[in-house]
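Notes follow once the structure below has been shown.
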Amino acid sequence: MSDTLLSVHGLTRHFDVSKPWLNRVIERDDRQFLTASDDVSFDIRKGETFALVGESGSGKSTIAKMIVGLLEPSAGEIRFDGKVMDFASGAAMRALRRRFQMIFQDPFASLNPRWRVGDIIAEPIRTFGLMRGAEIGREVGRLLDVVGLSAADAAKFPHEFSGGQRQRIAIARALSSRPEFIVCDEPTSALDVSVQAQILNLMRDLQDEFGLTYLLISHDLSVVRHMSNRIGVLYLGRLVEVADAKRLFTDPQHPYTRMLLDAVPDLALSGRRRTPVTGEVPNPINPPPGCAFHPRCPHVMPECRQIQPQSIPTATGTAACHLLGQGAPRAQQG
Amino acid sequence: MPTPLLSVRDLVVEFPTRRGTLRALDHVSFDIAEGEVLGMVGESGAGKSLTGAAIIGLLEAPGRIAGGEVWLKGERIDNLSPEKMRRVRGRRIGMVFQDPLTSLNPLYTVAEQLIETIRTHLDLSEKDARKRAVGLLDRVGIPAAARRIDDYPHHFSGGMRQRVVIALALAAEPELVIADEPTTALDVSVQAQIIDVLKEACIERGASVMLITHDMGVIAETADRVAVLYAGRMAEIGPVRDVIQAAEHPYTSGLMGAIPTLTQTADRLTQIPGSMPRLNAIPQGCAFNPRCKHVFDRCRRDRPELIARGGGRHVACWLFDGAMEKADV
């Protein structure tokens, strides 16, 4: 596909969570690894919002950090606009970095409290040498205006703003290097609902205005439903399902997706019958063998306990579940 | 009408500071009937948690109750001595806090904590208390309760810990359980389980619940009635279905429109401009007036009281003052 902006293939990241060397020797323990992201592949098209959802420990943020180049993958490749991201080459990464930006969850932690708002927003412009002199000041004023603050706010410090306003500043900073792609890691989960609505609406307006592509990371399915075109569902570092947003909510293929949808409290009071959800997310250091979801799955079959399911094409995406493979010839080792 | 289990009348909570006194709760009144689940919603700083803390007598200094009354089954409890209040707390009112990791003592086993609580309030032998503790854990859905009771809190996962906290809150058969954001620290799939456990365990024992949360979805599924707080004042109170589907207060209806849902197809969310005022800058008249799209002169001048709307609904908004409509329009 020519309109693919970002393509992730086989993205894997291990973290070494072993005890210190001496303890390992004395207690005869092996090294331990946590697989935060396990062979994750997806494509994001230009101008769309792709969302990654999952519960804590599903690897959402790890994937986001690898995509913006803050964390090096253990295996797999990331292609941005056709070019493979080369973590070894500083110059190549720098050229790419101008084109993508990130918005973080906590606007109280992501803005330097000792810097004035104007300097915070101007930093990417200065770093990439996009403008000089008085031009920078004008651009900062314009960006503040775009996100719904006033140009005079540039002289203030972050503590003078509320949570929602700070998130607007973070968005202005992300826009300042004129990126094409923005990774939003839980952009509204630290905010109250009425402020969340303001920020979500702003993000949509900006997308229309600047033709931005978003990767939205969230645990809130309603936010994801509202914002995205396509959705990837993560469970314990594995991508269990990818589908168009509408399709995912009306016709979930993977049992985990169905369980997540059932767990969302129903505001419409439709009296919809909910399947009771059981169990909790297992420890990612020792995920269950086979399909990681099998201990909680209502449709578990013998092969789920042994063989890790492969992604199978569905109507609008893929899903990794043995149920869907029934009838199709079984490819892998039996 | 029978005496409500809990009756809060004109509760005022103030924080004296160097720059003047901040009024964090301003004449809040509501009742909870026996066996009822009352949801209390509002955004950060609206005074939800403070209401719970004031009822149970756990306001942190310099916060103090500056006015109003709290009645539990016809008995006034806001002016009890600390000694007497301690006997109400845990025995008659149970409490579930947000973070199960901080509300359990990491140095004692679950058994020790449960047995201590049970024996503080009920006259039981060590052996009977333990039996009762196992029964409680079993009730809140902890598998192999008899074995796991001797584990320490860190042996349990987040969801399991919150179940232990619920068991603790129910240990002395309280008449009222105040649950302050009981599911906020948990994942969605676990949240649904905990809400079910809390609701069923309380219904079974006939305990009323005051459920404090910022999540309207949780309220919709759990509560019988809901109270909406804004800047320390009650904006609206009524049956859940009415308030959620046909909110009358402009703040509530704005809030409902601002929540994205799984079924909606609207392109944009309703947006309430601005944010909740700080306690030192609450505007004159209705606290919501600077953000309200229906604002008129009277809203800037006089503070609206709760106006009865029939069917148990009350709204603090001048739009619904019948007398006014005739006079001013």
Cα-centre dipole for the range B:6-328 with unit charges at Cβ (Lys and Arg positive, Asp and Glu negative), debye to 20:
560 debye
Please name whichever of B:159, B:113, B:237 sits farthest to the positive end of the charge dipole of chain B, dipole taken about the Cα centre and charges placed at Cβ: Lys and Arg +1, Asp and Glu -1.
B:113
Calculate the FRET efficiency for residue B:69 and residue A:151 from the Cβ-Cβ distance with a Förster distance of 41 Å, rounded to the nearest 0.05.
0.20
Toward the positive end of the charge dipole of the range B:6-328, about the Cα centre and with charges on Cβ (Lys, Arg +1; Asp, Glu -1), which of B:8, B:174, B:214 goes farthest?
B:8
Separation of alpha-carbon centers, the range B:26-68 and the range A:36-63, rounded to whole Å
41 Å
Residue A:14 accessible area, assembled protein chains, probe 1.4 Å, Å²:
80 Å²
Which value, in Å² rounded to 10, gives the accessible area of residue A:246 with a 1.4 Å probe and all protein chains present?
150 Å²
Near residue B:136, within a Cβ-to-Cβ distance under 11 Å, what is the net charge of the other residues, with Lys and Arg +1 and Asp and Glu -1?
+4
Mean residue ellipticity at 222 nm from the helices of chain A, using -39,500 (n - 2.57) per DSSP H segment of n ≥ 4 over the full residue count, to the nearest 500 deg cm²/dmol?
-9000 deg cm²/dmol
What is the Cα radius of gyration of the protein assembly as shown over 2.2 N^0.38 Å, N being its residue count?
1.04
Taking the Cα centre as origin and putting +1 on Lys and Arg beta-carbons and -1 on Asp and Glu beta-carbons, what dipole magnitude results for chain A, to the nearest 20 debye?
200 debye
Between A:234, A:215, A:260, where does the largest GNM mean-square fluctuation fall for chain A, given springs only between Cα atoms within less than 10 Å?
A:260
Would you list B:83, A:241 from the most to the least accessible area, probe 1.4 Å?
B:83, A:241
Leaving out ligands, DNA and RNA, and with a 1.4 Å probe, what % of the accessible surface on chain B is carbon or sulfur?
50 percent
Run the quick spin-label model on residue A:159 and residue A:22: label points 7 Å from Cα toward the beta carbon, then report their separation in nm to one decimal.
4.2 nm
Tell me the Kirkwood hydrodynamic radius of the range A:1-81 in angstroms, computed as one over the mean inverse distance between distinct C-alpha pairs.
14.3 Å
For the pair residue B:157 and residue A:91, what calculated FRET efficiency results from E = 1/(1 + (r/R0)^6), where r is the Cβ-Cβ distance and R0 = 41 Å, to the nearest 0.05?
0.35
Rounded to 10°, Cα long-axis angle of helix B:110-121 versus longest principal axis of chain B
70 degrees
To the nearest 20 debye, what charge dipole does the protein assembly as shown have about its Cα centre, counting +1 at the Cβ of each Lys and Arg and -1 at the Cβ of each Asp and Glu?
780 debye
In the Gaussian network model of chain B, springs joining C-alpha atoms below 10 Å, which of B:49, B:81, B:29 carries the largest mean-square fluctuation?
B:81
Give, in nm to one decimal, the length gained when the segment between residue B:86 and residue B:270 is fully stretched (0.36 nm per residue of separation minus the Cα-Cα distance).
61.7 nm
Relative contact order for the range A:102-246, counting Cα pairs under 8 Å that sit 6 or more residues apart, in percent:
24 percent
What helix-only [θ] at 222 nm does chain B give? Using -39500 (n - 2.57) per DSSP H run of at least 4, over all residues, to the nearest 500, the answer is -10000 deg cm²/dmol
Mean accessible surface per residue for the protein assembly as shown, computed with a 1.4 Å probe while every protein chain stays in place, in Å²
45 Å²
Based on DSSP H assignment, which helices of chain A show an axial Cα extent of at least 24 Å together with a mean Kyte-Doolittle hydropathy greater than or equal to 0.0?
A:193-210
Taking the dipole of the range A:106-216 about the Cα centre (Lys, Arg +1; Asp, Glu -1; charges at Cβ), the one of A:172, A:108, A:131 that reaches farthest to the positive side is A:131
Accessible area (Å², 1.4 Å probe, nearest 10) - residue A:33:
100 Å²
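The values are calculated or read from the model by the stated rules, or taken from the named source; none is laboratory data. Computed from a prediction, not measured in an experiment: that's the story for all the values here. Positions of Cβ are backbone-derived with ideal geometry, glycine not excepted, and every protein chain shown enters the neighbour counts. Ligands, DNA and RNA are stripped out before the accessible areas are found, and what is left, the full protein with its side chains, is counted by its heavy atoms. Shrake-Rupley method; radii C 1.70, N 1.55, O 1.52, S 1.80 Å.
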